[in-house]
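The values are calculated or read from the model by the stated rules, or taken from the named source; none is laboratory data. This structure is a prediction, so every number in the text was calculated from the model and none was measured. Neighbour counts are summed over all protein chains in view; Cβ atoms, including those assigned to glycine, are modelled from backbone coordinates with ideal geometry. Just so you know, the surface numbers come from the protein's heavy atoms only, side chains and all, with ligands and any DNA or RNA stripped out. Shrake-Rupley method; radii C 1.70, N 1.55, O 1.52, S 1.80 Å.
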Amino acid sequence: MKYRTIPVTPFQQNCTLVWCEHTKKAAIVDPGGDLDQILAAVEEEGVLVEKIMLTHAHIDHAGGTAELSAKNSLPIEGPHKGDLFWIEGMSQQCSMFNFPHCDSFTPDRWLDDGDEVKVGDGVFQVIHCPGHTPGHVVFYNEKDQMALVGDVIFHGSIGRTDFPKGNHQELIDSIKMKLFPLGESVEFIPGHGPRSTLGVEIKSNPYVR
Ligand SMILES: [Zn+2]
Ligand SMILES: [Zn+2]
């Protein structure tokens, strides 16, 4: 699969366009906003977007979902049901973070640990990683050794847990018991900042050593 990151919103959230080279079928992961930029990337790559995938329902990741889904008739897969309260509170999130108004939405498919999400010939394994939010999921492509981890872990840092229903210990457990066992060579695209590998974080991330 191919992966192209498009930083969106004032939070510079890494919306990621993923696509299968064989079929050109694509998914947009975490369309937080700036839909013009996202759709420009889609056109540049000449791919056929068939779904929206969400790691979690914070506004910088999910704020553009309702509009993108409605305008382009795209089904929404994810996050885990634990993030329903964040989705229902989308307009409060807008005022809380000074975003332009965005609508709430209903995912076509809630995801659970062990589920699979297909994009063309590619398959992502769903790993439920609560802590930053209760319904946070990670999308892992074993063949590519690539994970889209949202705000679970960053290069040199980890997700915040001071939001409602955040849980620091749960986040640490998610990282150590569910992500690190995938292997040191696995590369990841975080919700913010540069790519890294699990091996680099196992060795040097001060929050999970
Ligand atoms: Zn977040
Ligand atoms: Zn974020």
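In loop segments of the range 156-204 as defined by DSSP, the trypsin sites (Lys or Arg not before Pro) with at most 16 further C-beta atoms inside 10 Å of their C-beta are 160, 165, 195. The antiparallel fraction among DSSP beta bridges confined to the chain stands at about 70%. Looking at the range 1-83, the GluC sites (Glu not before Pro) that sit in a DSSP loop and have at most 15 other Cβ atoms within 10 Å of their own Cβ are 21.
Selection among 199, 107, 150 by position relative to the dipole of the range 92-209 gives 199 as farthest towards the positive end (Cβ unit charges, Cα centre).
Over the chain, what percent of the accessible surface lies on carbon and sulfur atoms, probe 1.4 Å? Carbon with sulfur: 50 percent of the solvent-accessible area. Using the alpha-carbon centroid of each, what span in Å lies between the range 147-209 and the range 29-54? Taking the Cα centre of the range 29-54 as reference, the centre of the range 147-209 is 25 Å away.
Computed from label points 7 Å out along Cα-Cβ, the spacing between residue 72 and residue 96 is 2.7 nm.
Taking 138, 126, 47 in turn, the Gaussian network model of the chain (Cα-Cα springs below 10 Å) assigns the largest fluctuation to 47. Note on the chain: with charges restricted to the Cβ of Lys and Arg (+1) and Asp and Glu (-1), its dipole about the Cα centre is near 360 debye.
Overall dimensions of the range 78-209, expressed as equivalent-ellipsoid semi-axes from the Cα gyration tensor (√(5λ), whole Å, largest first), are 24, 19, 13. Using the Cβ of residue 185 as centre and a radius below 14 Å, the other residues enclosed give a net charge of -2, where K and R count +1 and D and E count -1.
Straight-line reach from residue 81: taking Cα to Cα under 15 Å and skipping same-chain neighbours fewer than 8 places apart, the aspartates and glutamates in range are 108, 112, 113, 115.
Within the shell defined by Cβ-Cβ distances under 10 Å, the residues around residue 144 carry a net charge of 0, with Lys and Arg each +1 and Asp and Glu each -1. The trypsin sites (Lys or Arg not before Pro) of the range 45-154 that DSSP puts in a loop, and whose beta carbon has at most 12 other beta carbons within 10 Å, are 143. Considering all C-alpha pairs of the range 51-103, those separated by over 13 Å amount to 55%. Per residue, the accessible area of the chain comes to 43 Å² when a 1.4 Å probe rolls over the protein heavy atoms.
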